[in-house]
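The values are calculated or read from the model by the stated rules, or taken from the named source; none is laboratory data. Owing to the predicted nature of the structure, the values given are computational and were not obtained by experimental measurement. Cβ atoms come from the backbone with ideal geometry, glycine included; neighbour counts cover every protein chain shown. When the accessible area is computed, the model is the full protein with side chains, heavy atoms only, and any ligands, DNA or RNA have been set aside. Shrake-Rupley method; radii C 1.70, N 1.55, O 1.52, S 1.80 Å.
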Amino acid sequence: MRLVTLLLSLSTALSGLPAAEKSSPSKPNIILILTDDMGYGDIGCYSGDFAPTPNIDRLAKEGIRFTQYYSAAPICSPARAGITTGMFPARWNITSYLQTRVGNRECEQADFLDPKAPSLARTLRAAGYATGHFGKWHMGGGRDVTNAPPFAAYGFDEHAGTWESPEPHPDITSTNWIWSPNDKVKRWDRTAFFVDKTLDFLKRHQGQPCYVNLWPDDTHTPWVPSQERLGLYPKGPAEERKFRAVLDEYDRQMGRLFAGIKALGLDERTLIIFTSDNGPLPSFRGSRSGGLRGSKLSLYEGGIRMPFIGRWPGHVPSGVVNEKTVMAATDLFPSLCAVAGVALPSGPKFDGEELSSPLLGAMTTCKQTLFWEYGRNTNSFAYPQIARDRSPNVAVREADWKLLVNADGTDAQLYDLKSDPKETRNVAEANAVVAGRLKGMAVDWRGSSKNQDPSSR
């Protein structure tokens, strides 16, 4: 209790000082939709044909769709930490999903995201935003981690979290597990529950700009559709039928969200971002990854390249497909602050690049170098069952080159993503100088990011 009280006081102090700043009418609402385990090829506008996704597809037609957007990790907790902090999650010692204390020690990681870390919600709240988190958190709390900081420590005014959070909502956590048939809100209605929370929050805060994490736990397994929705997909293997039904319902709820924002008269005041935390599992023979190599738990493209759509009528051009800009989850913090006209907090050295210009429609070539880590040891991390999808545990992308290598320098693989986005041809031997340089960068980065205090950066 002492820790919780201290963190709440710290959050109030940090957010209260600049909060006197009057919010400008030009500050848009920002709704960040983070789908769980949605593959690059799941939805129609990315060539998916599992189930109709007309509402998400329409979002892309009315906005901008990126083809080279990257998650910060191939698994949920570090992926979410990258968005929240604008920094590579390894810097905050989160490299796999957060679990029991023993499991976290075995993975050589923290039990929760350090509240000293930069927080996008806290930064926007200090500039006059009302802030809400509705959905999956998974950056601390659940299992036997009972001392995770509360949502307020990260800058949220309101919240409705799942079981893997410091303050799970009772309507969706009747038991000490991810879900239960006894939950008041049934599994197939959870996305609707989070959409309702989001719309209610927007309705009650129309006098100020809002920032909302809408982070459903669809389309993560277990897939538990309603019988009505499942009946629309009578053919095929049982699990694939369930996935199709869940995806169908998910798109339907996204349609409710978009219609609700319009009904509130907030369409032209609201920037909607739609993306996913990491790749799919199971991938259904790679089809959910859009033909890209890899899946969740892999640093190949299928594990980290995600769908990404932005829509803001009057500000983001409609019907644009950006195939040029390489954007990453760590870029969202500085980019969304720039869109909102909010200064970044002083002190931290962000890994993300300010990319508000391409987010608003410009075709920009980025100069940034991206790094990933997954799997600090071989005994405590889960990996894809398909051998070809298991990647080395460190990766770097620079321009069109992507190199994967183990932290000990073995198994270096170099791919030219411009000519070979499916990573079928390892060209390290033919490009020894490039491979050697990127290998050195990747191994050095992994060493520098491990076991350091990021708050001192």
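Annotations
- Distant-in-sequence amide H partners of A160 (H built 1.01 Å from N, under 5 Å): H133, F134, G135
- Fraction of beta bridges assigned by DSSP in the chain that are antiparallel (%, nearest 5): 45
- D49-T378 pseudo-label distance in nm [points 7 Å out on the Cα-to-Cβ vector]: 4.1
- Taking other residues whose beta carbon is less than 9 angstrom from the beta carbon of L98, and scoring Lys, Arg as +1 and Asp, Glu as -1, yields -1.
- In the chain, inverting the average of 1/r over every pair of distinct C-alpha atoms gives 22.1 Å as the Kirkwood radius.
- For the range 381-390, putting each phi into the Karplus relation 6.51 cos²θ - 1.76 cosθ + 1.60 with θ = phi - 60° gives couplings of 10, 7, 10, x, 6, 7, 4, 5, 8, 7 Hz, in residue order, rounded to whole numbers and with x for Gly and Pro.
- ³J(HN,Hα), Karplus 6.51/-1.76/1.60, whole Hz, each residue of the range 284-294, x for Gly, Pro: 6, 6, x, 5, 6, 8, x, x, 6, 6, x
- Surface share of carbon and sulfur [accessible, 1.4 angstrom probe, percent] for the chain: 53
- In the range 354-457, Cα pairs under 8 Å separated by at least six residues give a relative contact order of 20 percent.
- Here the range 223-283 is treated as a sphere whose radius is the Kirkwood value from Cα pairs; by Stokes-Einstein at 25 °C and 0.890 mPa s it diffuses with a coefficient of 181 µm²/s.
- Distance from the range 222-263 to the range 399-435 (C-alpha centre basis), Å: 38
- Relative contact order %, the range 79-233, counting alpha carbon pairs below 8 Å whose residues are six or more apart: 21
- Largest-first principal axis extents, alpha carbons of the range 343-409, Å: 42, 30, 22
- Considering helices alone, the calculated mean residue ellipticity of the chain at 222 nm is -8000 deg cm²/dmol, with DSSP H runs of length four and up weighted by -39500 (n - 2.57) and normalised per residue.
- Positive contributions from Lys and Arg (+1) and negative ones from Asp and Glu (-1), summed over other residues with Cβ under 9 Å from the Cβ of P384, come out at +2.
- From phi via Karplus (6.51, -1.76, 1.60), per-residue ³J(HN,Hα) for the range 119-129 in Hz, x at Gly/Pro: 9, 4, 4, 4, 5, 5, 4, 5, 9, x, 7
- Relative contact order %, the chain, counting alpha carbon pairs below 8 Å whose residues are six or more apart: 23
- Taking GluC sites (Glu not before Pro) in DSSP loop conformation with at most 14 other Cβ atoms inside 10 Å as exposed sites, the chain has its longest uninterrupted site-free stretch at 22-322.
- Principal axes of the range 277-338: Cα extent on each, largest first, Å: 40, 25, 19
- Only protein heavy atoms count here; on that basis, with a 1.4 Å probe, L344 has an accessible area of about 70 Å².
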